[in-house]
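K.L.:
Got a structure here, written out as structure tokens. Questions coming.
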Amino acid sequence: MYQIRFDCPCRVHFIGIGGISMSGLAEILLGAGFSVSGSDASASALTERITKKGAHVFIGQRAENLRELPDLVVYTAAIRPDNPEFAAAKASGVPMLSRAELLGQIMKNYKTAIAVAGTHGKTTTTSMVSHILLKAALDPTISVGGMLPAIHGNIRVGTSSTFVTEACEYTNSFLSFFPTIGIVLNIDADHLDFFKDLDDIARSFRRFAELIPPEGCLITNADDPRSKELTEGLPCRIRTYALTSDADYTAADIVYDEHGCGSFTCIEDGKVLGSFTLNVPGVHNVSNALSAIALGRLLGLDPETIAAGLAEFRGTERRFEYKGMLSGVTVIDDYAHHPTEIKATMNAAKTYPHREIWVAFQPHTYSRTKALLQDFADALSFADHVVLADIYAARETDDLGISSKDLRDSLTELGCDAYYFKSFDEIENFLKSHCIPGDLLITMGAGNIVEVGNHLLA
């Protein structure tokens, strides 16, 4: 496999450079002195940003974009073999790496390479860790799967030997990584268009854990029922955290403010470490914070620095993000697109000021909706009212005989006040006429449902 070397920069071309992860990797290479070009189907804020950083970006993907052959071509999982640039690179014999393989190669250039994995909570936890590392002045390089205000985007290029990134399990991407420290937040059934079942997912996480060298460390959630089989027999050091189980790091005396943000006492190895206050809501974020505290302590940071970093974190875009007020109705946007994530968001909403909770939900992919239909209904039923949009197909073309109407019917059977509308205009008009002052409206999903809240507030 081609090896990226920071001491020998070369010319790299990215097919799909406008993606949030691809543009971030391109920015890291630019910061290391590499010459970068790339292409994307359309212009965007990310292509504009990376162009200003020094990349040569083509809009439209054509074989002639590779007329001057680069030393390496990088492509995303969405690029098909018949893509003209992919086919041209293949025919020319230029070395090629997938996005995940490049990320893994970049990690090998850092002494401390931290990878945050888990079915849920990766972006939030990576962001918490990033705030802690920044507060400690460790000057890290950061790659996060959302827009983090503290770094004015999704990427930060540092000058130290510390690197932190999300580690996604989909298509086994994280198996191309080279972490020295890993965090596994949870293991749950998702991406069942790729994985066979939960056992298959658990095997993938186990293989990720096995990538950590004996001198490295894995931080795991002892509350997760799969944590024991994840860690059994691993040669690396193991540190655990939990809310309800015995663990190296636990939380006591948890209280919540008027916005549902938790404060707690952290117990480290049976002794009081200190008090911590969060500015993101929900008990799930207390759990995420414990993993970040464990990481900070592993790096030798004092509890005051860790606490200060956590206190400064106020969330990333699309993670229980406050959008504004509409005639007395609070509008929140959230990326939750799995039943476990929806439950966590609903628990946070319950502690947030509200009269009644409205959720405008857009299911994400047919395969996920079909496989977890009843779980979705159970999770969404915690809301007082649910308004459903059509399923966001994303990468899928087969509807598998499932639709949002099926989810509406399942919600109705549970006694939930549920509605389905085909267009966003219908959803917006319905919400404007039914939400009243004091209500909490959450636009929810990994697709473009965020537009509903944006249009209402506009």
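The values are calculated or read from the model by the stated rules, or taken from the named source; none is laboratory data. Nothing here was measured: the structure is a model prediction, and the numbers come from that model. With ideal geometry, Cβ positions are generated from the backbone for all residues, glycine too; neighbour counts draw on all protein chains shown. SASA here: full protein model, heavy atoms, side chains in, ligands and nucleic acids out. Shrake-Rupley method; radii C 1.70, N 1.55, O 1.52, S 1.80 Å.
K.L.:
Place the peptides 34-47, 263-276 in order of packing, highest mean first, counting for every residue the other Cβ atoms within 10 Å and averaging per peptide.
P.N.:
Details: 34-47: 18.2, 263-276: 15.4.
By packing density, highest mean first, the sequence is 34-47, 263-276.
K.L.:
Shifting gears a bit: Quick one: putting +1 on the C-beta of Lys and Arg, -1 on the C-beta of Asp and Glu, what dipole do you get for the chain around its Cα centre, in Debye to the nearest 20?
P.N.:
1340
K.L.:
Further question: Under the 0.36 nm per residue contour assumption, what length would be gained going from the current alpha-carbon distance of Asp253 and Ser35 to full extension?
P.N.:
Values: separation 218, 0.36 × 218 = 78.48 nm, distance 5.23 nm.
Full extension of this stretch gives 73.2 nm more.
K.L.:
Additional query: Multiplying the sequence separation of Asp399 and Asp71 by 0.36 nm and subtracting their Cα-Cα distance, what value in nm do you get? Mind showing how you got there, number by number?
P.N.:
On the way: separation 328, 0.36 × 328 = 118.08 nm, distance 4.03 nm.
Here the answer is 114.0 nm.
K.L.:
Continuing with the same structure: With all protein chains present, calculate the accessible area of Met325 using a 1.4 Å probe and round the result to the nearest 10 Å².
P.N.:
Accessible area of Met325: about 100 Å².
K.L.:
Which value, in Å² rounded to 10, gives the accessible area of His152 with a 1.4 Å probe and all protein chains present?
P.N.:
150
K.L.:
Here's something else I'd like to know. Asp82 to Glu210: FRET efficiency via 1/(1 + (r/R0)^6), r the Cβ-Cβ distance, R0 35 Å, to the nearest 0.05?
P.N.:
On the way: r = 35 Å, r/R0 = 1.00.
According to the calculation, E is roughly 0.50.
K.L.:
Then there is this: Are any of the pairs Lys343/Lys370; Lys271/Lys350; Lys405/Lys432; Lys108/Lys271; Lys323/Lys350; Lys196/Lys343 more than 29 Å apart by Cα-Cα distance, and if so, which? Before the final figure, lay out the partial values.
P.N.:
Numbers: Lys343/Lys370 18 Å; Lys271/Lys350 32 Å; Lys405/Lys432 22 Å; Lys108/Lys271 36 Å; Lys323/Lys350 18 Å; Lys196/Lys343 24 Å.
Those over the limit are Lys271/Lys350; Lys108/Lys271.
K.L.:
Let me ask something additional. Heavy atoms only, 1.4 Å probe, whole protein assembly: order His56, His284 by accessible area, highest first.
P.N.:
Numbers: His56 105, His284 65 Å².
Ranked from most to least accessible, the order is His56, His284.
K.L.:
Taking amide H positions as placed in the peptide plane 1.01 Å from N, state which residues far from Tyr392 in sequence (5 or more) or on other chains have amide H under 5 Å from it.
P.N.:
His364, Thr365
K.L.:
Lys53: which aspartates and glutamates have alpha carbons under 12 Å from its alpha carbon, excluding same-chain residues fewer than 8 sequence positions away?
P.N.:
The reachable aspartates and glutamates, counting only those whose Cα sits under 12 Å from Lys53, are Glu27.
K.L.:
Quick check for me: using +1 on Lys/Arg Cβ and -1 on Asp/Glu Cβ, what's the dipole size of the range 231-372 about its Cα centre, in debye to the nearest 20?
P.N.:
On the way: 13 positive and 17 negative charges, 107 e Å.
Here the size comes out at about 520 debye.
K.L.:
How would Glu258, Glu428 rank on accessible area, largest to smallest, probe 1.4 Å?
P.N.:
On the way: Glu258 120, Glu428 20 Å².
So, going from the largest accessible area down, we get Glu258, Glu428.
K.L.:
Using the alpha-carbon centroid of each, what span in Å lies between the range 226-250 and the range 56-81?
P.N.:
Using only Cα atoms, the two centres lie 43 Å from each other.
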